Every structure is written in structure tokens, then in C-alpha cells.
Amino acid sequence: MRRTALAILGAAAATALLASGCTANVNGGAYDDLSKKETITFWHGWSQPNEVNAINANIRAFERLHPNITVKSVGNVTDDTINQALRAGGDSAPDVVSSFSTDKVGLYCASGLWTDLDPFLAKSGIDKAKTFTAPTLKYTAYRGKQCSLPLLGDALGLYYNVDMFKKAGIARPPRTFSEFKADAEKLTVRKGDGYRQLGFMPDYHGYATTPTNYLGQWSPTYLDARGRSVLAKGSAVTDMLTYQRGLVQALGGYDRLEKYRTTFGDEYSTQNAFHVQKVAMQMDGEWRTVNLEQDRNVRFHWATAPMPVPDDQADQYGKGYATGTTIGIAHSSRKQNAAWQFVKFLTTNTKALVSFANAIHNVPTTYASLKSPDLDKSPTFRTFVRIAANPRSSTLPPTLNGSQFALTLSDFAYRVESGKVPVARIREGLKEVDHQIDLDNLQAEM
Amino acid sequence: MTDARRRAALAWIGTHALGVAAALFFVLPFVFLLLTSVMSDSQALTSNLWPTSWHWGNYAQVFHTPGFLTWWRNTVIYAVVGTVLCLASAIPVAYALAKFRFRGRRTAMVLVVSAMMLPPQVIVIPMYLVWAQQFHLAGTLWPIIIPLAFGDAYSIFLLRQFLLTIPDEYIESAKIDGCGELRALLRIVVPMAKPGIAAVGLFQFFYCWNDYFGPKVYAASNPAWWTLSLGLESFRGAHHTNWNLTMAATLLVMAPVIIVFFFAQKAFVEGVTLTGVKG
Amino acid sequence: MTTTTLTYAGKRRRQALTTLAFLSPWIIGFAAFFAYPLASTVYFSFMHYNQINPPTFVGLRNWKYVFTEYPLFAPALWNTLWLVVVMVTLRVVFGLGIGMLVTKVKTGVGFFRTAFYLPYLAPPVAATIGFVFLLNPGTGPVNRILGALGINAPNWFNDPSWSKPALTVLALWGIGDLMVIFMAALLDVPKEQYEAASLDGAGAVSRFRHITLPNISPIIMFAVITGVIQTLQYFTQPTVAGNLASGQLSAPGTMVPPGYPDNSTLTLPQLVFTLGFQNFNTGAASVIALVLFAVAMAFTLLLMRRRSGLLTED
């Protein structure tokens, strides 16, 4: 046996010498000549037919403007694919990449996987602060490096069933969280140990009701100027968690709600709980307006409003959580000039942005396109445009560690809503969460 | 009736009652899956056990899911190519370990057993980096197929156990007739070891067919290389379906395995006993 | 005409070359797919490497992080331990019970054997999805039936204290492999021993304790140890069950943190995957991989000691 151990050790030592860390960095650059014919590859995540048609229409419009650039687009690309391709580099890697999440912006900016766009912006004479809406500029940059730009945004608001509101004698959507709780209770009809109809499904594992989405209503500060987690400092997170626990208990308790939640259909199917009237109110993004309009079985009246705000911030009603799609240029691309032309077109051309926004019901991300008269005027959609444009709307800060801090917070939040952590211990627990987030960020530091 | 006969009858009833109860535990899940798979969208979200209307079209709909046939093709490629490569490389190694006398044979067996017991997660990170960065094969199934051409430890071990049961005299007499080792292996040993090879081949086939971790690491990022396991995992979320279609897809993924089993029952039982009992 | 008269030394050299040729696929495979990555994992456990920028040496920082700072390590270790103790034990006991049942059944042996064996073959992803549905608190048939019987059924995969028992039920459903092994072992027990004991007036329990158990104890040991090693690799079922039960969108390319509900289904292999391929924390992932390696090898050595039959010739 000892001889075996020695043999393994020897083999290990020998191979350790070979195990040099290999880096995937293939350095590209902006060396391409725009007067020559070029083909660039563009990866995006859109997959529904209406979305693909809309992005393809924009690509064709771009190619008409730049006849010597051809764009080869690949749809339905996930973040995982992007990660792998960017890390691997090489010829098969894309030139332009867009991602639905803002999670990786910190890492992509800091590591240089996405090229810094500030020089390109300067060359094209674009003043980014005057062009893009303020919150969207924040989630596309990391530590002052603008390595991506916003390409349409999402905002979260409240969908409510007007018929159910009428029946319950509620005149208008709730504006403060105490109104919200009262309405949710009024709209709840219990049946046995379940529900015939639920006012609102608050559970953090629900469709869009994640802790960080909710938190947009409380305007929290996640990190201080030095990048340290400060969840326990302000009252936002403590208030939100305390409120959540109260709401869960008022609506029948965590176990009962979770059991009811397992009878919900898939979020994006026509069996979505709001579509089939299992719930009277739902927090959701602007894309739901399209789903509801297209679902022929939705025969009730519904409307949209901003999510309510805490009672002590009643004057700030109208704000919400905002996020969006990001687009960047791969560091490995050798055609960065052409790639920039394309990115510039998609993110700043008002006509392109507005037609795209109308087609897939996302919120435009430049001031000019928000003011455009061509933007869809339907009131249910306009609610979200206003939320996105509200200066108090907020999003998650990009970090080197992606959304790890959000996951750590969520883990704690689950334990509060289910009653495992008593309400009195929330602030204490948040201090531990802060400490943990700092440790994790330190570990990710390069 | 005598006492002994009455007792025997009671024992019969007791054993078979237990057997039926146990059989229900094993069979009922299949029945419920089948019943749910033909329900309507909205009924599948109730706790009804029996379909109010039968929607056999659900199966057709699953077949028409974008990608479903691609997942089938990829799974077949992985399982067939993987099994062939695995057998081709494992048979000579197992033969050498079973029948050759050489120094370090015991050490070699220790290493085979160690490799067999190694959780794949232990080595996956460096392996992934090599396949992705040096060979640019991330996003395909090749990183899990190619290693099978270099002797899978589990198959080597099982084959060796089987080859040990073949008497040396047959091989010796072949050599006396002028056969080299290779010809002795191909002419004498392989035909005699057919049941063992079949069992090991089936095991490898099913391992690949059912594998989830390997495809998840290497192919998850590229839908063109998804296997049935990956496609099925995301079926509910990615295609916005509900339990009825998900269950139909689940049964369609289970079906081929069960069909193969009925054709190759004997080889299976042979293989399972090989893993534990003989040796 | 040539005569091939080989000297003794030449013969031995040829023999050695033949051996080497036959073993060569495995030697290459072992070096490339075992020794190299293992050494590389050791190397990375001392490096900070985000798989983009070149690795930098950080000493024991990753080790300290995993053992004292990483919040998911303790629950994953605890869950793995729970599964090793409860799931492996129940599987062995249940597998032995079913194996005995099959040897006792006189009528319909073929049916019973097939019925008990088939679930083992169901692809794990499919079986797990099936069970998440069956045990779904709101729409699943199991809770419906339990409810009709007046039993207050748990929320299974949606309740942190019931998710591991739910996984255990799934593991018991796929008991077919152990059943066949135990069946074969039970049939190998010499009949004369039972007959002699019966003549001495030994009851069923006493026969089981004094004849069956000693005869099959090596097989039980084998089942336990391989069960432990399988549990150390437990990835598919908890990942799929957690994702599906959480109700979050989980296409293979999207990142859903494992462990739902409340990290109760988190296992060490899932941590390697999450850290290595979702957080790109190569160093910490390598540390956990090495922990897995150490535990797996300890049990493997135990197995080789106990069952030297694995290594000997007959």
C-alpha cells in the first residue's frame, strides 16, 4: 500500500509541474478598417418569435446603414454560454454579446473580458450622462469602467385584478405597504387549509417576489463607498424583512402559502397564477403586459400600478426596482470598430430603441427614446416606463462577485419569512450577513 | 388441514401480501405519472388523480418541442460511441490485469479501484479547464466521450472480475497452437466472455444514457449538444409547460431504458451480481 | 525459413512489452484523467484563479475560506453526513428486505422481481422530476391520498426538514441494484445450514441472526461502503429536485443556486459545481474537491481491506 501511495505522489509531483495555470486571454483590439467588408457575430438571449423578429429587424436596419458590415446573430444564448465563450476566446467567440442579467458586469469589467467602452463613446462624441438614464448607467459600469451599455430595461410594478378589487370594494391600488397588507387580506378567500383566492403571494420563492426585487421599494443601500456591505446599517432591509414576516402571517402562515404556491403553473405559461385568478395582485415586470394581452383565457379586467412604498416614504410612491439587458464587446474581438458601430446603433438610435421596446414591451433606456412620441402609449405599459424613469428607482450594485451578496441576503430572508429567525433578531442577523458578504467579496478580489 | 399445511398457507399469504404492498410502492409512481401525463393543463394543477378527459396529444406535443429530437440524437451518440470506445479499450486492459503475471499488478488493481471510486467532481475543474482552454471543446459532449477511449475504471474492474472466471487452460492451449496474446484474446477469450462483455456494455450504455453531471458541466451552455437529461431538467421552465407535459416527457425518457431492459434482462442481472458477489 | 528461438531475457522483455501494450490505454487514461487533474486540483487549491486572469498564489487562503468563512460548507457537510447515515442505512436494510421477500415469494416471481428492479433503471433526472411531482404538496397524488386517509402530510421537497427524507424515499424506490445483489447472496447461503438449524428448533428470527447474517455480512459491508461512496457523489437528484421544487426557472444555462429549500438539499459535489462553474472561485472549489477525495479514498481503502477479494485472483 505504501508503494502505491508513493507512486501516486510521484505522478502527482510530475504532473504538477505541467499544471501551469493557463489563461484564455486572446487579445483583440480595434484594428479593423471600417471601409472594408466585415462580418461580426452577435449573441443575444431572445428566443420568443416576437422578440427574435424584433431584434432581426433592428439588425437589418443597421446593415442598411452600414452596408459593409454584416451581422451574424445567434439567439437564445444563456449567461453560461457567454461565460464559457468569453473565457475560451478564439475564433468561435462572439464580437458583441448581450446578457439579460447585470450580475456579471462587475467581473467582466474588472477582468477585462468586456472592452472598456468609454474611449469609443468619446470618439463618437457621445455624452453618456446626457444620453442614458441614470440608473441604467450605474448597473452597466463597475468602478468607473463603462464596459457595457444598457439595451432596454425592465421595471417591476403591481398587477391587479380589477374585478376582484371591485368585488372586495377596493377603489384604487394600494400606495403604502399598510394599505397593501389590508387589501391583500381583504382579497383573500380561504378554503379548507388552502385558498379559493389569495390577495398576494409574498413568498420570496414566488415568481418575481425575490428579496432584492422587493427591496427596490425601500430604496436600500447595499454597499458603502468602500464596497463594504451595510445592510444592517439603514432601516430599509430590517423594515422589509419585518414587514414580510407580518404579511406572511397575516395571509395564513408560511406553510399554507408555500403549499398553495405549489399549485401554481409555470411562470411564463398561461397557467400563471395571476392569469388563472389564483391571486388578485402580483408583482411582475412590464413583459407580463404582453403575456396577459395574448392569453385568450384572460377575460377579467386587469391594470398596473407602481408597487406600494413604506408608510414613512409615502411621498415617494411611483418608484420601483429597475434592471435591464446589458450589451458589451468581447475583449477577444478583432473587429471592435465594427462591433462598436453596431452597439452604438442598438443602444442609442432612438428609432431602433423605440421599435424594439414596442415590439417586446421593454422600457427604453435613453432619455430621447423615453420622450419619443412613437413609444407605445397603452396605460398598462406606460406605468412601467414611469417607474423606470423615476429617479428614486434603484437596482443592484455590480460587484466583482456577481450576485453572490444577493444570494447571501436571500438565504437569510428565507429564514425570516419562514419564522426560523425571529423578527427581534433581524438586525443582529443582518450584521452577520454583512460580515459574510464582506468575506465573500474579499475572497473574490483579484 | 394439518397444522404444517395451514402454517405454510398463512406464510404464503403473508409473503405475497407483503410482496403486493411492496410492488404497489414500486409500480404506483409509474401509474400516477402516466395518468397525469394525459391530463389537461389546468387539471394537472389540481390534486385530481384521474383524468377528466384524456389528452394523448400531449405526447405528440412533447415530440414537437423544439430540440426534443436533438436531445435524443445526442444521447444516442454519447451512449453508443461511449460504449464502443469503452469496451474496445477496457477489454485488453482487463485481460492483462486478469491473466498476465507482472510486477505491480496489485498496485495497478489498487489504482483501478481508486479511480473507480473517485467522485467525478474531484477532478472536474482542471479537466474542464483543459477541454475548454486547450482543446476548445466546451459546449460539446466530446470531453466526456473521449476519455472513455482510455479505459473506464469501472468497466475494467467488472470485466476483470468476469475474465478471472475463465480457466487459464483455454488460453494456454490457444497459445500452444501458436496464438499470440492478442489472437488468444480475440479468438478465445472474447467469445467466452460474451455474457460479461454484454453486461459491462449495457452498464456503460446506461451510465451514459442517464448521465447528468458530465453533460451539465460540458454541454449545458450549448443547446445543440444537450442530452435528454439536460433537456428534461429544463423542460418545465424553458418551455413554459405544466405537470402534464412534463410527465409525458419524463415517461418518454424512461421508456427506452425499460424497453431495453425487457430485451436484455439476463445480461443485467448478470452484471449486477458481478459488481458485488463474485470476486 | 526463420526460427524464432528467443532467449529467456528476450522472452521476458517481449512479455513486458505485450503487457505494456495491453495496459497502455489505461496508463494514458490514468495519467491524463486521474493523476494530472488530481495534481492540478491540489495546485489550484493554493491559487486565486477566476478562470480569466492568470492564477496567483494565495497560500492557504482558500482553505481558510472554505473551512472557516464559506457559509455553505457546513450545511453541505451536514447534509452529506445525514445522507450517508440515514439514506445508506435505510437503503441497505430495505434492499435486504426486498431481496429476502423475492427469495421467499413462490407465485409470480418474475413479476415481483421485474417490478422491484425496474425503477432502478429510470434515468435519475426523470425519476427525480417524477417524485417532485408525486410528492408535490399542492397537486401531487401522494399528499392527496395521505390527506384522504386523514394524515397531515408534510410539504416534502418544499420543507427543509422533509426534503432529505423525500430524497430518501426516491433512493428507496431505486433499490433494484441492491435487491439483485442481496438476492444472489441469499441464494448462495448453503441450504443445509438452514435445515440443520430447523431441526434444532431455531425460529425464523434466530435463523436470520445466526445463519443468514453471518453468511451475507461481506455483501452488507460491500453495500454499505459503495453506498457511502455513491452518496459522496450525490449530485443529480438534489440538484434537480431543489431547482424544480423551488419553482425557479432552471434552464441548464441559467444559474439557480442549489440547496432549496433553505440549503437543506445542498451536498458537497454541488458546492464544487457552484463554486467552480458559477462563481468561478476555482481555489475554493478545488479545496472542497480535495475534501471529497480524501473521504472517498478513506472509504475505498476500507473497502479494499475488508474485501480483499476485489484485488485477489479468485
Using the Cβ atoms and a cut-off under 12 Å, what net charge is assigned to the surroundings of A:Trp218, where Lys and Arg are +1 and Asp and Glu are -1?
-1
Count, for each residue of A:255-264, the Cβ atoms from other chains sitting within 10 Å of its Cβ, then give me the mean as a whole number.
6
Quick one: pull the percent of accessible area on segment C:89-142 belonging to carbon and sulfur, 1.4 Å probe, ligands and nucleic acids left out.
70 percent
Relative to the longest principal Cα axis of chain A, at what angle does helix A:177-186 sit, 0 to 90 degrees, rounded to 10?
60 degrees
Go through B:217-223, C:7-13, B:40-46 and give me the packing order, highest mean Cβ count within 10 Å leading.
B:217-223, B:40-46, C:7-13
Could you tell me how many degrees, from 0 to 90 and to the nearest 10, lie between the Cα long axis of helix A:336-348 and the main elongation axis, the longest principal axis, of the Cα atoms of chain A?
20 degrees
Could you work out which residue, out of C:Leu77, C:Leu23, C:Leu38, moves most in a Gaussian network model of chain C, that is, has the largest mean-square fluctuation with Cα springs under 10 Å?
C:Leu23
So if I take the centroid of the Cα atoms in segment A:141-162 and the same for segment A:390-430, what is the distance between those two points in Å?
19 Å
Under 5 Å between amide H atoms, partner at least 5 residues away or on a different chain: which partners does A:Trp302 have, H built in plane at 1.01 Å?
A:Val162
On the protein heavy atoms, probe 1.4 angstrom, tell me the percent of accessible surface of segment B:3-59 carried by carbon and sulfur.
72 percent
Along segment A:365-374, what does the Karplus equation 6.51 cos²θ - 1.76 cosθ + 1.60 (θ = phi - 60°) give for ³J(HN,Hα), rounded to whole Hz, x for Gly and Pro?
10, 10, 4, 5, 6, 5, 8, 4, x, 7
Over 28 Å between C-alpha atoms is what I'm after, so list which of A:Lys344/B:Lys216; B:Lys99/C:Lys104; A:Lys145/B:Lys216; A:Lys128/B:Lys216; A:Lys138/A:Lys233; A:Lys37/A:Lys377 land there.
A:Lys344/B:Lys216; B:Lys99/C:Lys104; A:Lys145/B:Lys216; A:Lys128/B:Lys216; A:Lys37/A:Lys377
Which helices, taking whole DSSP H runs in chain B, have alpha carbons extending 20 angstrom or more along the helix axis plus mean Kyte-Doolittle at least 0.0?
B:3-37, B:68-99, B:194-210, B:243-263
For peptide B:89-100, how many partner chain Cβ atoms fall within 10 Å of a residue's Cβ, on average?
4
For segment B:122-136, take each phi angle, set θ = phi - 60°, evaluate the Karplus expression 6.51 cos²θ - 1.76 cosθ + 1.60, and give the result in whole Hz per residue in order, putting x for glycine and proline.
5, 10, 5, 5, x, 4, 4, 4, 5, 5, 7, 8, 8, 9, 6
Go ahead and set up a Gaussian network model of chain A, Cα springs under 10 Å, then flag whichever of A:Gly75, A:Gly328, A:Gly153 fluctuates most.
A:Gly75
Between C:Ile27 and B:Ala9, the FRET efficiency computed from the C-beta separation at R0 = 51 Å comes out, to the nearest 0.05, as 0.25
What are the semi-axes of the equivalent ellipsoid of chain C, taken as the square roots of 5 times the eigenvalues of the Cα gyration tensor, listed largest first and rounded to whole Å?
38, 37, 18
What is the Rg over Rh value, at two decimals, for the protein assembly as shown, using alpha-carbon atoms and the Kirkwood definition of Rh?
1.00
Selected from C:Leu90, C:Leu292, C:Leu149 as most flexible by GNM, with chain C as the system and alpha-carbon contacts under 10 Å
C:Leu149
How many Cβ atoms of partner chains, on average, are near each residue of B:220-227 if near means within 10 Å of its Cβ?
5
Highest to lowest packing among C:236-246, C:39-49, A:286-296, scored as the average C-beta count within 10 Å:
C:236-246, C:39-49, A:286-296
Yeah, segment B:74-213 with a ≥ b ≥ c from its alpha-carbon gyration tensor (a/c under 1.5 is rounded, else prolate when a/b outruns b/c, oblate otherwise) is prolate
Using the alpha-carbon atoms, what tilt in degrees (0 to 90, nearest 10) does helix A:350-360 show relative to the longest principal axis of chain A?
50 degrees
15 Å beta-carbon shell around A:Cys109, net charge (K/R +1, D/E -1):
+1
In whole Hz and in residue order, list the ³J(HN,Hα) couplings for segment A:212-222 that follow from phi through the Karplus curve 6.51 cos²θ - 1.76 cosθ + 1.60, θ = phi - 60°; x for Gly and Pro.
6, 5, 3, 4, x, 6, 9, 6, x, 10, 8
Per residue of chain A, what 222 nm ellipticity follows from adding -39500 (n - 2.57) for every DSSP H run with n ≥ 4, rounded to the nearest 500?
-12500 deg cm²/dmol
Given Cβ charges of +1 for Lys and Arg and -1 for Asp and Glu, the option among B:Leu252, B:Cys208, B:Thr227 whose Cα lies farthest towards the positive end of the dipole of segment B:67-276 is B:Cys208
Among residues other than A:Thr350 whose Cβ falls under 15 Å from its Cβ, what is the net charge (Lys/Arg +1, Asp/Glu -1)?
+2
Ranked from highest to lowest mean number of other Cβ atoms within 10 Å per residue, what is the order of the peptides B:4-14, A:252-262?
A:252-262, B:4-14
Calculated from DSSP H runs of 4 or more alone, at -39500 (n - 2.57) each and per residue, what is the 222 nm mean residue ellipticity of chain C, nearest 500?
-19000 deg cm²/dmol
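The values are calculated or read from the model by the stated rules, or taken from the named source; none is laboratory data. Predicted model only: the values in this text are computed from it and were never measured. Methodologically, a virtual Cβ is constructed for each residue, glycine included, from the backbone with ideal geometry; neighbour enumeration extends over all protein chains shown. Please note that ligands, DNA and RNA were not included when accessible areas were found on the heavy atoms of the full protein model with its side chains. Shrake-Rupley method; radii C 1.70, N 1.55, O 1.52, S 1.80 Å.
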